[in-house]
Amino acid sequence: MDDILRHPRDCKAWKMFDQTYPEFASEPRNVRLGLASDDFNPFGMMSSNHSTWPVVLVPCNTITWVCMKQTSLMLSRIILGKK
């Protein structure tokens, strides 16, 4: 296997987790989720002090071309606030 990261399971942290918890890694029904969040200004004005933070969960233990499809992403919450 080459050193190219094509899927989250290719990273060192995933492999170390599998070695540390082999019972979790051996059960195919266990779900591994990635968490992503970033802020944006919903009003499109740079001077606005309001921001929105969507929190998205990504199922990482699916095949590569499925895990990042829009239909696989789960919006878990939206955090609204100033700054």
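The values are calculated or read from the model by the stated rules, or taken from the named source; none is laboratory data. On a predicted model such as this, the values are computed, not experimentally measured, just so you know. Glycine gets a Cβ as well: all are built from the backbone with ideal geometry, and neighbour counts include every protein chain shown. Note: areas computed on protein heavy atoms with side chains; ligands, DNA, RNA excluded. Shrake-Rupley method; radii C 1.70, N 1.55, O 1.52, S 1.80 Å.
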Within the set of other residues whose C-beta is less than 9 Å from the C-beta of C60, count the net charge using Lys and Arg as +1 and Asp and Glu as -1.
+2
Mind checking the full-extension length gain between Q19 and R32? Use 0.36 nm per residue of separation minus the Cα-Cα distance, one decimal, nm.
3.2 nm
Rounded to the nearest 20 debye, what is the charge dipole size of the chain about its Cα centre when +1 sits on each Lys and Arg Cβ and -1 on each Asp and Glu Cβ?
280
Which one, T71, G34, F17, is farthest towards the positive end of the dipole of the chain when Lys and Arg carry +1 and Asp and Glu -1 on their Cβ?
T71
One finds, for T71 and L5 with R0 = 25 angstrom and r their Cβ-Cβ distance, a FRET efficiency to the nearest 0.05 of 0.60
At 1.4 Å probe size, what's the solvent-accessible area of L75? Round to the nearest 10 Å².
110
Expected max-MSF residue from N49, N30, N61 in the GNM of the chain (alpha carbon, under 10 Å) is N49
Counting Lys and Arg as +1 and Asp and Glu as -1, what is the net charge of the other residues whose Cβ lies under 13 Å from the Cβ of Y21?
-1
State the label only: which of [x] 17.0, 51; [y] 12.9, 38; [z] 13.2, 44 corresponds to Rg and Dmax of the Cα atoms in Å computed from the shown model?
[x]
